Amino acid sequence: MTDTAAPATSRSIVTEIPGPKSRALLERKAAAVAQGIPHQLPVFIAEAHDAIITDVDGNRFIDLGCGIGVTTIGHTNDEVVAAVREQVGLLTHSLFGTTPYEPYVRVAELLAELTPGDHAKKSFFVNSGSEAVENGVKIARRATGRRAVAVVEHGYHGRTNLTMTMNFKPAPYATGMGPLASDIFHAPGSYPLRDGLDGAAAAKRTQWYLEKHVGAADLACLVIEPIQGEGGFIVPADGYLPLMQEWCTANGVVMIADEVQSGVCRTGTTFASEQFGWVPDMVLSAKGIAGGMPIAGVTGRAEIMDAVHTGGIGGTFGGNPVSCAAAVAVLEQVTSKDLNAQARRVEAVLRPLLEELAASRPEIAEVRGKGAMLAIELVDPETGEPIPTGPISAAAGLEGVLVLTAGTDYNVLRFLPSLAITDEQLREAIEVIGRALSAR
């Protein structure tokens, strides 16, 4: 936002979508940008603040996507902007492994405080969620001396060679891009809407698979999203995650929480693992950790993290000082602004609106999620077939609401609003989505 203009707080569509300036930029994009990079909303964003994004034609949208969960604290958060401006004028880059700097250490200290468990923890930083997953696996393999990596069905972990192998669904992330990585195993997880299992039964099924198809003695780590993101915001049955942690601990397996999408106050607790009474051996964070600046963290039990020899982890841009300053600004607001209370407020407003919508729309099979991470799954009530949500998202976009899709079967609408969104903006957005549902 400019220093003189008051931040916009309302939805406003003043041109057709896309407008003339966005159409011109779409032509430039088609000529200059690789076609593999898509766009969900066919507009170019010029500025944003809190929960409103404004395109180059002056159209304003209520943002329920936050760059897929990145600007959890709100677009251009004042404290983040101030921290970035100050740090840019002091130090823009120094490889931490060559000449260290204090903001990196401060982020590590804050993550030690904020991640689940009171055991000794250590962290290091990379650039993206995919890198965090890669390094978490690498550290687990080094610490255990084992080769195999397990994930659960419907999971999503990234776009690198290793992580796209770990994804449950290859399309579009790995189509035609093999050969893929070896020693990756996909176990059944917990999906209460579809499997009908309680936590104990689901855990028993996962453990049986790992024991029979992998062998616990060869398993380095089990990587699980506490609430699955791209898979459709799937919430596991109560007890599932702690029981899996017990099994992993008993068998010397490192259990890793992929909190790239669900972490940093997204669900009403600082990390979603806390919602389930789960204390992971390692927590991976990214997306919402720095209010839009690129950084990802690998935080784990000190003895696991220190299993790696000097020089075995790191990277040129990992933990860049400007991104670290932004992360400090976000993480310090966890307590000073009680961000978890804001996530619970979002749920207190949004969940009843979605449940009211579901009561009148039989194709909504389930409203699920926690905090500001909610979703609806659409299924034909007569045939049981998934109903694609892409057309609904597109229709909402034409009316000024950005809402994301998800799900293995592309039949989930996911709601990832910023914690700065107002109750009125939430109500207005769901009215628009309700009309889009009715018109499908």
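The residue list Gly69, Gly58 contains one member that is of a type in the set (Gly, Ala, Ser), surrounded by fewer than 17 Cβ atoms within 10 Å (Cβ to Cβ), modelled with pLDDT of 95 or more and at positive phi, which is Gly58. Considering Ala359, Ala420, Ala341, the condition of being under 30 Å from Ala108 (Cα atoms), over 17 Å from the mean Cα position of the chain (by Cα), surrounded by fewer than 15 Cβ atoms within 10 Å (Cβ to Cβ) and among the hydrophobic types (A, V, I, L, M, F, W, C) is satisfied by Ala341 alone.
Of the residues making up the range 1-55, those that are charged (D, E, K, R), at pLDDT 95 or above and within 24 Å of Val81 (Cα to Cα) are Arg11, Glu47, Asp50, Asp55.
In the range 90-109, which residue that is part of a helix (DSSP H, G or I) and in contact with a strand residue (DSSP E or B) (Cβ under 9 Å, 6 or more places away or on another chain) is farthest from Ala120 (Cα to Cα)? If we take residues in the range 90-109 being part of a helix (DSSP H, G or I) and in contact with a strand residue (DSSP E or B) (Cβ under 9 Å, 6 or more places away or on another chain), then Tyr104 is farthest from Ala120 (Cα to Cα). Consider Glu230 carefully, then state whether it is over 14 Å from the mean Cα position of the chain (by Cα) and acidic (Asp, Glu). Considered against the rule, which asks whether it is over 14 Å from the mean Cα position of the chain (by Cα) and acidic (Asp, Glu), Glu230 comes out as no.
Filtering the range 152-165 for residues that are closer than 21 Å to Leu241 by Cβ, assigned to a strand (DSSP E or B), at pLDDT 95 or above and touching a strand residue (DSSP E or B) at 6+ places or on another chain (Cβ under 8 Å) leaves a non-empty set. Restricting the range 394-407 to residues that are out of contact with any Gly (no Cβ under 6 Å at 6 or more places or on another chain) and not charged (D, E, K, R) leaves a set whose member that is nearest to His154 (Cα to Cα) is Val403. Exactly one residue among His75, His49, His39, His119 is more than 22 Å from the chain's Cα centre (by Cα) and of a type outside the set (D, E, K, R), and that residue is His119. Count of the range 364-391 residues, restricted to those that are farther than 19 Å from Pro192 by Cβ and either surrounded by fewer than 22 Cβ atoms within 10 Å (Cβ to Cβ) or of a type outside the set (A, V, I, L, M) (or both), is 9. If the condition is being crowded, with 24+ Cβ neighbours inside 10 Å and out of contact with any helix residue (DSSP H, G or I) (no Cβ under 8 Å at 6 or more places or on another chain), then the range 246-297 contributes only Ala272.
The values are calculated or read from the model by the stated rules, or taken from the named source; none is laboratory data. Predicted, not measured: the structure shown is a model, and the values here were computed from it. Here the Cβ is made from the backbone with ideal geometry for all residues, glycine too, and neighbour counts use every protein chain on show.
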